[in-house]
Structure formats: structure tokens, C-alpha cells
Amino acid sequence: MKNNILKHYIEVPDNLFALLSRYRVVIPGIQRHYVQGANNPKAESVRKQFIKEIFTAIEKKQNEFNLHFIYGPINTNGEDSFVPVDGQQRLTTLWLIARYAVEKAEPSNRKELLRLLSRFTYEDRINAKRFCQALTCEDSRWDITQDPNPDILCQDWFVDYWKEDETVASMIRMLSTIHEEWNKHQDSITAEDILEAIASKIRFNLKIDAFGDDIYMKMNARGLQLTQWENFKGKFSEDLCEDKKEWWVKEMEELSNRFFTCSDEQHELPDNAFFALYARIMAYEAKKTGVDCGNGIKELAAYTHNTWSQIELPFVPYSDFSGITNKESIASTVAATCVKMIKTVLDRYQKIVPYFGDRTLFETFFHPKNKNDLDFTLCCYEYFKKFDNIETKDFLKALRLMWNILENVQDNRVELVKKIIDLEDKTLYSRQIKEIIGSNPPEQAEEEAEKAIQMQCNDQSIPSDWNEETLGKWSNWNDAIEKAEECAFFHGSIRFLYRNSNGEKPWEKFATKLCNCIDLFTKDGLSEEKKVKANQVLISHCENWINLIRKPVFDTDKESWKQVLTDINLSEYVNGLLLSPNEIADSHDDIIQLLIDNNIWKNLINENSGYKLAWKANSPSLWLNRYLYLTLKLTRNNREDILDAFIGESKVTFDAPEEKRYRTIKGKNYYFAVPMCFAYKYKGKEYHFAWQTWGYIDMYDNNWNKLFDLYYKKYGEGFNIAIDDQSDHDSSYYIRMIEDCIERYVKFKGNHTSSLPVQHK
């Protein structure tokens, strides 16, 4: 190293030696520990890669190795000191490289260089401060031929308890990494080469400013976790064309500061949010170009969370991104688009995303909680990739369409939105949507096409059925449609408001239906007070009960009702309900008449949520899947007639008489799909039976063990009675069969007394 090298490079403090020549560098107490030397796999991978890149750049004699922006204010109390707010990790690592190089350098330079390096210190971390002081004294030597980690710990000047300090331990561990990498280049790189590179080629963009306390606190609220964003930021800029490198880094730093403001009281850094966002975009671009981006990026891209501060991101080295960014066009596209996109989101962070609760655009974008939020980012990416100079009103309208698709389409949502974006209408509501969605599009896509046409129709006159008291003043179809999309739980799906029972689209009844919807529904589903009547009206319009099998009717749940409202097969019934919500239609189907009967609603459905119409126990039934004993058969056959007779039979006592096993509706008993358990009194004793929902009456012992299970396998005796549903046998026939079964059992017991289990009464 030339003796005058320091003098040549102190005019502008864009390198470590120049910075130390002009200012003391003081790491403030509020800063995190030095963690690039931490003892964990992530930190190890990052520091090895970082050190390798520096040594490789020196070996290849690169003109410049940029460490990018270093932020901080100048403290003028006493000797001028630079206080790093952002960049302490990089500065500390560079300082350690320089200190190691001094140990290998010519002795003539040692004193001057150590004096210069001694101007790097810690403010409040006493152990770290004293270690740095000791490390820059002339007596602080170690054996440069071996790993410095164990050797430094054995030096007389090293205080034993220092090794328990996180920062000190990390520094020593980093010196070991420097030693290991240097050994790989010792034939091609000298200590003087390293020192000269630090003085002239390893540079950073120093930003000195009067940072406010709030920003300062936020920038240092990182905790102890190593930030991967810092590493990504430096590497990604190198993949950009020359004229974009500095621009992108500067833009992202400015956006970081704006992020702090937008995060409000959370005081969170953008590091995790930005890193996950870029990973999401990179994974998306990789998929489009057929590049396998690796599991790490895919995992990061799919990350959802409640708060970034409480999670640990999967570690993804930048080398995983290089297969995507090695194409300059992709890196440049991603950089330009993300800057535009993030700027717009931060400008409008206080805007509430349409009809999706109280989550702001900022929260939706940077704190994704589900697949919708993740895909929303990608839709926005395609949008900002296509358009420049976007007006707020156009962007908010485009948001509506994006969310309508994301909320109501399951597959290929982003691809669908991109097709609409490619129509080059900034609102996304182009009249040409219908032409590009294909012959068999998702229903929601078709709906957006229909709404786009209606929004732009020439006739904007007030509809004849528009109710200002309920709907407010009429303005235009766009506002009317938006009002409907935001209603209740609809979340953009409103095709039931303008389609009739034939699937046609007569918009003239739109206002009537919307008014009735406002009366019927809340954000949680069907209004509880409307439950019985609305379901009865809906069902009454059904001509055949088979059309209702497994349909989610009978409850108030919003998910159930959204399925009902948007099911094209139920459109006739929905249309009837929304046009006349209080009028039960005439029906001639016995089961439909039964379903709308008040007795069903009062005593069964209204007391238990979750009923569906299903085929159970060889009959259409009201099926409560959680409780089979509450599944009511809606038809009667010979079994029901005989059970009716048994109920009036003095010799028959049904088990648990307080638990009703049937409902009486319009003078008829309708039975639940459960075994009917009863005792039959014969010759002064009671014997237990159960009439099963299938074709048998089974006999039981006094402990309610089925005799078939006890004796059939060993003795070939089952003691049950087969039921012939097709016969005209009456109750007296089955009474005789029951008595015959009892006689056989008594005889059997008499012949096998010694081998049968003891019965208890």
C-alpha cells in the first residue's frame, strides 16, 4: 500500500478510511448487535457469500464494489461523530476486513492504520467498545497463520467474559470467515491489495441527514434477526443495467422511509415486507418464463402472516434469485414496475379496499393474510407493468374488478385479470371483456363483462323502481353497481340482481331486488328475523324437491346464501324471493308443502342450524349431518304405519319417552332416521328391541347388547325379524313375530344356561 493512500481518498467520505479520517464512527446503543457473524446457518451463509464477493472483486481488480447507502446523522457534541442509522452491519464487516489486513500488512503502516481504525467504536455496549479498543492497540496481535477465533481468546489482552457478548463473539467469528476466505486467495491477493481496495474501490453512498427521532426509532426496531432485504437489495441492483442501478437503490430507500410513515404505530421496517413482495414477483415471473426458482423463493412468495415482527422468514440466499434475474429485461421490468406499484400503494394507503372490511390498501398489499391478498399483488404488478400515469379514480375502479375476480373465481385468477388488463382500459371495465374471456368462462368473469357493458350504456336515466329512501340519489349505473357490490356479503357477485329466472338480463328489476336484499341480508348472511319466511318463500318456488337436494338452504350463514343466490340452477327460486320476499308461492309437491310447514320450522329447523335436504334412510330427509338422530324422514311407508300402531300399543314402551323420535305434522307422524328402541312386555317380563332404519327389528339383552352380535357367530342364532316394506303386513303380524322371537330366545337360554353370560336386570 502506498504511504499516501489515505491522503488521496479523504476528500469525499465514500469509503471506510475516508469516513474514519473525517469522523469518528459511533454505533449507537439503540442499534442491534452485530449479527453478520452470528452463530446460525443463515448468518453463516450470508457472511461467507459477502466475504467471497469482496475477495473475488479484489482479485479480478474490479473498479468498484458498491455497498450502497449508509445512513446517519452527525453528532457535533465534542469531536464530530457519524452515527449510523442504517448500514452498521456492512461498516462493521468492512472494518474487520481492514483490521485483519493490517495484521498481515507491512509493519511500517501498522501504527497509522490502527490509529485510524480505533476511531470505530460503540456508544453504550461496553464490552464491544472495549474489545474494539483492545483490537486496535499495537499490542493486540495474534497468529496470522491460523484461525484467529481460538487464538484471540487466548491472548493476554482478551478479557474472558467478552466471549459471552453477542457482538464480540460475532466479530471474532467474522474474523475466522475472513481468514478462511483469504487463504483461498493468498497466492493472488496481498494485504496491501485489500487495504488499497478498502481505500479506493469498496465504496458506499453516504447519506448524512438530520433524521427525526421517530424515523430513527423505526429504523432500529429491527430486533436481532438478520435482515435478508439488505443482502437482496445490494445484489439485485447489480443485475440492473448501469443507468438503473443507482436509481433503483435510491428509489427503494425513499420508499422505505415512506413505509415507516405509513406503518403508523407499528414502527416496522419494510425489510420483510419488501423482501417477501419481491420474492412473490420473482416467483411469478419465473413461472411465466418456465424457470424453476427453487422451494425457498416459492415458500417466501406464499408467506401469509399477521405481523412481520413475529415471524421468521425462510432463508433464501440471493443465488436462488440469480436464475431469474440473469435476464436483464426481467430484472429491469421488476425494478421499474415495483417502484411504480409501491409508490401508488403508499400514496393511497389510507384508502379502504372496496367492501372488504376495515383492512386498508397498505395492509392488504404488504401484510397478506390469504391467497386472495397474495394474488392481489400479482394483479397489481401486471396492472402497473401495463400502465403509466394512473389516476386515482381509474385505479380504484380497477381495484373493484380485481377483487371481484379474486373473491369469486377459484382458478387462473391472475391470468384472467391480465387478459382484461391487456385490453388497455385503465379502469379495467372495457366493453370488450366479453370477447376475450372465452366460450366457457367463470361466471364471475361473465358477470364483469355484463356489468362493464351496463356501466357504459347510453341510457343513464333513473330506473323507474329506484327507491331514494333506501338507495340514495341516483347518479349512474356505475355507482348503482358499486353500491350493490358493497351490499351485505355479496363482495362483487350480484348477477342475481339483474338476471331473471330464464337467465336473461333485464336490468329493469335491479333496484327492486337490491332494496329487498338490503332488507333481507346483513354482512353475516340472512337476517335472523327473516330466516323462516325467506326460506319458506324460496322453497315454495321450487317445483320439485329433488332440485334442492344438498343445497345450502335452511340457515342464515353468508356462505350458504352466497351459493344459493349465485347458483344458476336456483335462479328461478331466487328471483321469486327477491321480487316478492313475503309471498309464499303455491306448490303441489307434497314434500315442498311439508318443507315450508311452520311446524317444521318451529320445532326443528329453527332450533338447529345446518340442515340440508338429502336422501337418507331410503327417503328424502332433512339431514343434520352432525346429529343423525335429528335427521327427519319426509316420507312414510309401512314401517311408519306400524310404528304409529306400536305407539298406541299398551304392551309397547318406547325407550326414553321424553326424547321425541318423531314430529307430528298435519296429523301425521314423521320419524327421525334413528333406531326406534322399545320394550315389549310378554308374560310378565320386559324384552328389549330396536326397529332399525334398515330392514330389521333386532332383539337386545337387558344390558342393551344386540343378541345377534352375541350369539350368531357361535350358535347361528340372531334373534331378529326381517321387515318386508313391500308387504301389507299390519302391526298385529309384527307383534306375533316379536312374541315368536321372545319364545325362541327363552328356549335358547334354557338349553345354554351354563354357557351364556350372566344377565342383570
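Every number in this text was worked out from the coordinates using simple rules, so none of it is lab data. From a predicted model like this one, the values you see are computed outputs, not experimental measurements. Please note: Cβ atoms are built from the backbone with ideal geometry, for glycine as well, and neighbour counts cover all protein chains shown.
Label-to-label distance, ARG130 versus GLU44, with points set 7 angstrom from Cα along the beta-carbon direction: 3.0 nm.
Within 10 Å of each candidate Cβ there may be at most 13 other Cβ atoms; applying that plus a DSSP loop requirement, which chymotrypsin sites (Phe, Trp or Tyr not before Pro) in segment 55-99 survive? Please list the in-between numbers first.
On the way: sites: PHE55, PHE65, PHE69, TYR71, PHE82, TRP95; in loops: none.
Listed in order of number, the matching sites amount to none.
Pull out the extension gain between ARG110 and ALA722, defined as 0.36 nm times the separation in residues minus the alpha carbon to alpha carbon distance; nm, one decimal.
On the way: separation 612, 0.36 × 612 = 220.32 nm, distance 10.51 nm.
Here the segment from ARG110 to ALA722 would lengthen by 209.8 nm.
Seen against the Cα atoms of the chain and their longest principal axis, helix 107-117 is set at about 50 degrees.
Averaging Cα coordinates gives a centre for segment 412-435 and one for segment 47-104; these two points are 49 Å apart. For segment 136-153, the residues whose backbone nitrogen is under 18 Å from a point 7 Å from the Cα of SER118, taken along Cα to Cβ, are 136-142. Here the contact order of the chain, divided by its residue count and restricted to Cα pairs under 8 Å and six or more residues apart, works out to 7 percent. When +1 charges are put on Lys and Arg Cβ atoms and -1 charges on Asp and Glu Cβ atoms, the dipole computed for segment 483-609 relative to its Cα centre reaches about 400 debye.
Given the peptides 270-279, 16-25, arrange them by the average over their residues of other C-beta atoms within 10 Å, most packed first.
Working: 270-279: 23.1, 16-25: 21.1.
Highest-to-lowest ranking by the protection proxy: 270-279, 16-25.
The HN-Hα couplings worked out from phi for segment 604-609 by the Karplus form 6.51 cos²θ - 1.76 cosθ + 1.60 (θ = phi - 60°) are 9, 4, 5, 8, 9, 8 Hz, whole numbers, x standing for Gly and Pro.
What FRET efficiency would be calculated for the residue pair SER464, LYS523, taking the C-beta separation as r and a Förster radius of 41 Å, to the nearest 0.05?
After rounding to 0.05, the efficiency reads 0.90.
One decimal place: the segment ASN603-PHE387 gains 71.8 nm when fully extended, by the rule 0.36 nm per residue minus the C-alpha distance.
Quick check for me: using +1 on Lys/Arg Cβ and -1 on Asp/Glu Cβ, what's the dipole size of the chain about its Cα centre, in debye to the nearest 20?
Details: 99 positive and 118 negative charges, 233 e Å.
The calculated dipole for the chain is roughly 1120 debye.
Round to the nearest 0.05 the FRET efficiency obtained for ILE74 and LYS483 when R0 = 56 Å and r is the Cβ-Cβ distance. Display every interim value, and only then the final one.
Numbers: r = 56 Å, r/R0 = 1.00.
The computed FRET efficiency comes out at 0.50.
Sequentially through segment 374-381, phi angles give Karplus couplings (6.51, -1.76, 1.60; θ = phi - 60°) of 4, 5, 4, 4, 5, 4, 4, 4 Hz, Gly and Pro residues having no value and appearing as x. Sketch the reach of a paramagnetic label on ASP740 as a point 7 Å from Cα along Cα-to-Cβ, and name the residues of segment 679-719 whose backbone nitrogen lies under 14 Å away. Once the point is set 7 Å along Cα→Cβ of ASP740, 697, 719 turn out to lie under 14 Å by backbone N, inside segment 679-719. The simple Förster model, with R0 at 51 Å and r as the Cβ-Cβ distance, assigns LYS747 and ILE584 a FRET efficiency of 0.30.
Helix 731-751 and the long axis of the chain differ in direction by around 80°, with both axes built from C-alpha atoms. On C-alpha positions alone, give me the angle between the axis of helix 88-104 and the longest principal axis of the chain, in degrees, nearest 10. Roughly 40 degrees, rounded to the nearest 10. Dipole of the chain computed with +1 at Lys/Arg Cβ and -1 at Asp/Glu Cβ about the Cα centre; of CYS457, ASN467, PRO270, farthest Cα towards the positive end is PRO270.
Wrap a convex hull around the Cα atoms of segment 513-627, take a quarter of its surface area, and give that in square nanometres.
On the way: hull surface 27.4 nm².
That works out to 6.8 nm², a quarter of the Cα hull's surface.
Between ASP156 and THR261, the modelled label-to-label distance comes to 5.8 nm, taking each label 7 Å out from Cα in the direction of the beta carbon. The charge dipole of segment 5-219, taken about its Cα centre with unit charges on the Cβ atoms of Lys, Arg (+1), Asp and Glu (-1) only, comes to about 340 debye.
What full-extension length gain, to one decimal in nm, is calculated for THR289 and HIS185 as 0.36 nm per residue of separation minus the Cα-Cα distance? Don't skip to the answer; put the middle values down first.
On the way: separation 104, 0.36 × 104 = 37.44 nm, distance 3.76 nm.
Using 0.36 nm per residue and subtracting the Cα-Cα distance, I get 33.7 nm.
May I ask which of LYS340/LYS393; LYS245/LYS385; LYS235/LYS397; LYS250/LYS287 have a Cα-Cα span longer than 25 Å here? Don't skip to the answer; put the middle values down first.
Numbers: LYS340/LYS393 17 Å; LYS245/LYS385 19 Å; LYS235/LYS397 37 Å; LYS250/LYS287 29 Å.
LYS235/LYS397; LYS250/LYS287, as the Cα separations exceed 25 Å there.
A DSSP coil position with no more than 16 other Cβ atoms inside 10 Å describes the following GluC sites (Glu not before Pro) in segment 481-563: GLU486, GLU504, GLU543.
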